[in-house]
Amino acid sequence: RTIAGDRTTSRSVLKAELALVRDHRVVLACESDRGWLVDHGAEPGRIGVVPHGVDQRFFTVRPGAGPPTILFVGSLRYQPNRAGIDWFLKHCWPALSRVGLRLRIVGYGADRIASAPGLEIYPDVHDVLPHYAVATMAIAPLLEARGTQFKVLEAMASGVPVVCTTPVARGFSSDAPAWQVADDPGAISTACLSLLGDPGRRSELGERGRSYVATHHDWAGSARLLLSLLTRP
């Protein structure tokens, strides 16, 4: 999926997925992906949804009071992550860096990002938990995304407010979203600056995020759903 509209990256991907649903029962990680396949001709009864779970350690994080820091977590060897952060650095970061924000990029391949004022690069980490603990907010500026993004689940479980694009937000569903959605550079910059200047809003989104993940992405609940699908006649 892209900001421009729902589509697969190639027709061959859609053809292969529809063939899998035709010949097997299929389990997906989010309802939006199930809906997308059904809209393209898949039989609804053959697709189940089992949400991803989150390591319980993330719920123990209490964001620190250090310098204002935007966090991006993700392997830069994965093309959608690399394309998303490159786009953010080119179109959003210049305006944000001028107000003294820091941008911490954590993930394999991050050392391929060119050094610039305000950037903190962590290319080889054994545990991402400490990075959520220093984050003022997290971003997921992917231009293309499918399924549920772990980087967003982990941020929300850690009580860190999230700014993400529409393709990322499609992986989640709530009447009271724990994330802010923005797609163009101006809107993303405005959302980040608004959160920076509003500690109350950050706290509200953080607590809402923890509650959302605890309710919808508990490993035990996902295991029960999977068991029910595996034992269904």
Residue count for the range 114-124, restricted to those that are in contact with a helix residue (DSSP H, G or I) (Cβ under 7 Å, 6 or more places away or on another chain) and either in contact (Cβ under 8 Å) with a residue 60 or more places away in the chain or open to solvent by less than 40 Å² (accessible area, probe 1.4 Å) (or both): 1
The range 179-233, subset among the polar types (S, T, N, Q) and closer than 17 Å to LEU96 by Cβ, residue least open to solvent (accessible area, probe 1.4 Å): SER189
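Picking from GLY45, GLY53, which residue would you name as being at pLDDT 90 or above, open to solvent by less than 70 Å² (accessible area, probe 1.4 Å), farther than 30 Å from TRP93 by Cα and part of a loop (DSSP other than H, G, I, E, B)? Quick ask: steps written out before the conclusion?
Numbers: GLY45 fails: part of a loop (DSSP other than H, G, I, E, B).
The match here is GLY53.
Determine which member of the set LEU226, LEU205, LEU195 is touching a helix residue (DSSP H, G or I) at 6+ places or on another chain (Cβ under 6 Å) and either farther than 24 Å from ASP33 by Cα or modelled with pLDDT under 95 (or both).
Details: LEU226 fails: touching a helix residue (DSSP H, G or I) at 6+ places or on another chain (Cβ under 6 Å); LEU205 fails: touching a helix residue (DSSP H, G or I) at 6+ places or on another chain (Cβ under 6 Å).
Just one listed residue meets the conditions, LEU195.
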First in the range 44-73 and in contact (Cβ under 8 Å) with a residue 12 or more places away in the chain and farther than 15 Å from PHE150 by Cβ, second anywhere and open to solvent by 20 Å² or more (accessible area, probe 1.4 Å) and assigned to a loop (DSSP other than H, G, I, E, B), Cβ under 6 Å, 6 or more apart: ARG46/ARG25; GLY64/VAL134; GLY66/VAL134; PRO68/THR136; THR69/VAL134; THR69/THR136
Residue list for the range 150-192, filter: farther than 10 Å from ILE139 by Cβ, assigned to a helix (DSSP H, G or I), in contact with a strand residue (DSSP E or B) (Cβ under 9 Å, 6 or more places away or on another chain) and modelled with pLDDT of 95 or more: GLU154, MET156, ALA187
Every residue from the range 39-52 that is within 20 Å of SER173 (Cβ to Cβ) and out of contact with any strand residue (DSSP E or B) (no Cβ under 7 Å at 6 or more places or on another chain): ASP39, HIS40, ALA42, PRO44, PRO51, HIS52
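Output the residue which, of all residues in the range 147-164 that are closer than 17 Å to GLY107 by Cβ and among the hydrophobic types (A, V, I, L, M, F, W, C), is most open to solvent (accessible area, probe 1.4 Å).
Keep residues of the range 147-164 that are closer than 17 Å to GLY107 by Cβ, which gives 149-155, 158, 160, 162, 164.
After this cut, where a residue has to be among the hydrophobic types (A, V, I, L, M, F, W, C) as well, the list is 150, 152-153, 155, 160, 162, 164.
On the way: PHE150: 91, VAL152: 3, LEU153: 0, ALA155: 0, VAL160: 2, VAL162: 1, CYS164: 4 Å².
Here the answer is PHE150.
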Among residues of the range 30-42, those that are open to solvent by 50 Å² or more (accessible area, probe 1.4 Å), part of a helix (DSSP H, G or I) and free of Cβ contacts under 8 Å to residues at least 60 places away in the same chain, counted: 2
Looking only at the range 127-146, and only at residues there that are open to solvent by 10 Å² or more (accessible area, probe 1.4 Å) and assigned to a loop (DSSP other than H, G, I, E, B), the one that is farthest from GLY35 (Cα to Cα): VAL134
Test: residue in the range 85-107 that is open to solvent by 40 Å² or more (accessible area, probe 1.4 Å), in contact with a Leu (Cβ under 6 Å, 6 or more places away or on another chain), more than 26 Å from ASP198 (Cβ to Cβ) and part of a helix (DSSP H, G or I): no
Answer residue from the range 84-122, given it is of a type in the set (Gly, Ala, Ser) and under 21 Å from THR190 (Cα atoms) and is modelled with the lowest pLDDT among those: GLY100
Whichever residue in the range 56-66 is surrounded by 12 or more Cβ atoms within 10 Å (Cβ to Cβ) and hydrophobic (A, V, I, L, M, F, W, C) and, among such residues, is nearest to the chain's Cα centre (by Cα): PHE58
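The values are calculated or read from the model by the stated rules, or taken from the named source; none is laboratory data. The model shown is predicted, which means the values in this text are computed figures rather than measured ones. Positions of Cβ are generated from backbone atoms using ideal geometry, with glycine treated the same way; all protein chains shown enter the neighbour counts. Quick note on the areas: whole protein, heavy atoms, side chains included, nothing else; ligands and nucleic acids left out. Shrake-Rupley method; radii C 1.70, N 1.55, O 1.52, S 1.80 Å.
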